[in-house]
Amino acid sequence: MTDANLLPILFVPDPRLRAKAKPVQPADPRIPALAERMLATMYKAPGIGLAAPQVGEMLRLVVVDVRPDEKRDPIVLVNPEIVALSKELSTREEGCLSLPNQFADVTRPARVKVRWTDLTGAKREVEADGLLAACLQHELDHLDGVLFVDHISALKRNMLLRKLAKELKAKERDQ
Ligand code: K1U
Ligand code: ZN
């Protein structure tokens, strides 16, 4: 896949990152090519996940590969849903391709069960922990307009958002 197929990633404060995405209709013919372009964009970034609203497509579609440096093992999730969350919590540092160079410790349920439809139309389910659990929750949040900064204190969030705005402005000025 050439760079021409890469999709531009939206940055905060683009309002599309705060909107709720719509369900993908069964057998929507646009989905396989969009998922392929999202995967190429995610690997190039590089990232371990990408949700369709981050590339301006307001659809409930997510791609994930939590081991991008090893043999590629992508997952494409159409209309994913969280069906169970553990009571136990876990904290890890998160970043987001829509808030470049901003990181914060985020506390979320340690384990998650997610159900989705794959590109063949089959129903799939996974019980995840560790990085995959955090990544799936982060990506499914994007489908509802929720960002990782919504899971941290208002003080840290405002600091991080101000820092991001300053860095993006400087980048624009330097171009
Ligand atoms: O949704 C996104 O913006 C992608 C984001 C996902 C994510 C990161 C960390 C915890 C939960 C979810 C990223 O991929 S940020 C980049 C990143 O974490 C990474 C990139 C390359 C190698 C390893 C990690
Ligand atoms: Zn993100």
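Inspect segment 137-147 for any residue being at positive phi, within 17 Å of the chain's Cα centre (by Cα) and within 16 Å of ligand 2 (Cβ to nearest atom) and give the result as yes or no. Among the residues of segment 137-147, at least one is at positive phi, within 17 Å of the chain's Cα centre (by Cα) and within 16 Å of ligand 2 (Cβ to nearest atom), which makes the answer yes. Could you tell me whether any residue of segment 110-122 is outside any strand (DSSP E or B), within 12 Å of ligand 1 (Cβ to nearest atom) and surrounded by 15 or more Cβ atoms within 10 Å (Cβ to Cβ)? No - not one qualifying residue is present in segment 110-122.
Listed by first and then second residue, the pairs linking a residue in segment 37-63 that is within 10 Å of ligand 1 (Cβ to nearest atom) to a residue that is modelled with pLDDT under 95 and not in a helix (DSSP H, G or I), with Cβ atoms under 9 Å apart and 6 or more places separating them unless they lie on different chains, are MET42/PRO68; TYR43/PRO68; TYR43/ARG72; PRO46/PRO68; PRO46/ASP69; GLY47/PRO68; ILE48/ARG67; ILE48/PRO68. Residues of segment 49-73 that are surrounded by fewer than 15 Cβ atoms within 10 Å (Cβ to Cβ), under 29 Å from PRO15 (Cβ atoms) and either of a type in the set (Lys, Arg) or touching a Leu at 6+ places or on another chain (Cβ under 7 Å) (or both): GLY56 alone. Among the residues of segment 1-33 satisfying the criterion of being under 15 Å from the mean Cα position of the chain (by Cα) and part of a helix (DSSP H, G or I), which is nearest to CYS96 (Cα to Cα)? Restricting to residues being under 15 Å from the mean Cα position of the chain (by Cα) and part of a helix (DSSP H, G or I), the top hit is LEU17. Apart from one condition, LEU160 fits all of (1) hydrophobic (A, V, I, L, M, F, W, C); (2) under 30 Å from ASP28 (Cα atoms); (3) not in a strand (DSSP E or B); the exception is (2). Among the residues of segment 146-161, is any under 21 Å from ILE9 (Cα atoms), open to solvent by 10 Å² or more (accessible area, probe 1.4 Å) and within 13 Å of ligand 1 (Cβ to nearest atom)? Within segment 146-161, one or more residues are under 21 Å from ILE9 (Cα atoms), open to solvent by 10 Å² or more (accessible area, probe 1.4 Å) and within 13 Å of ligand 1 (Cβ to nearest atom). Cβ-Cβ distances below 8 Å connect the following pairs, each with a first residue in segment 113-137 that is modelled with pLDDT of 95 or more, a second residue that is within 16 Å of ligand 2 (Cβ to nearest atom) and in a loop (DSSP other than H, G, I, E, B), and a separation of six or more residues or different chains: LEU131/ILE48; LEU131/VAL66; LEU132/VAL66; CYS135/ILE48; CYS135/VAL66. No other residue among LEU10, LEU17 is under 29 Å from LYS169 (Cα atoms), in contact with a Phe, Trp or Tyr (Cβ under 9 Å, 6 or more places away or on another chain) and open to solvent by less than 50 Å² (accessible area, probe 1.4 Å) apart from LEU17. Residues that are more than 12 Å from ligand 1 (Cβ to nearest atom), of a type outside the set (S, T, N, Q) and open to solvent by less than 40 Å² (accessible area, probe 1.4 Å) within segment 85-109 comprise just one, PRO109. Out of the residues in segment 20-48 that are exposed (fewer than 14 other Cβ atoms within 10 Å of the Cβ) and small (Gly, Ala, Ser), state the one that is nearest to ligand 2 (Cβ to nearest atom). Among residues in segment 20-48 that are exposed (fewer than 14 other Cβ atoms within 10 Å of the Cβ) and small (Gly, Ala, Ser), the one nearest to ligand 2 (Cβ to nearest atom) is ALA33.
The values are calculated or read from the model by the stated rules, or taken from the named source; none is laboratory data. Worth saying up front: this structure is predicted, and the values here are computed from it rather than measured. Cβ: placed from backbone, ideal geometry, glycine included. Neighbour counts: every protein chain shown. We work out accessible area using only protein heavy atoms, side chains counted, and drop any ligands, DNA or RNA first. Shrake-Rupley method; radii C 1.70, N 1.55, O 1.52, S 1.80 Å.
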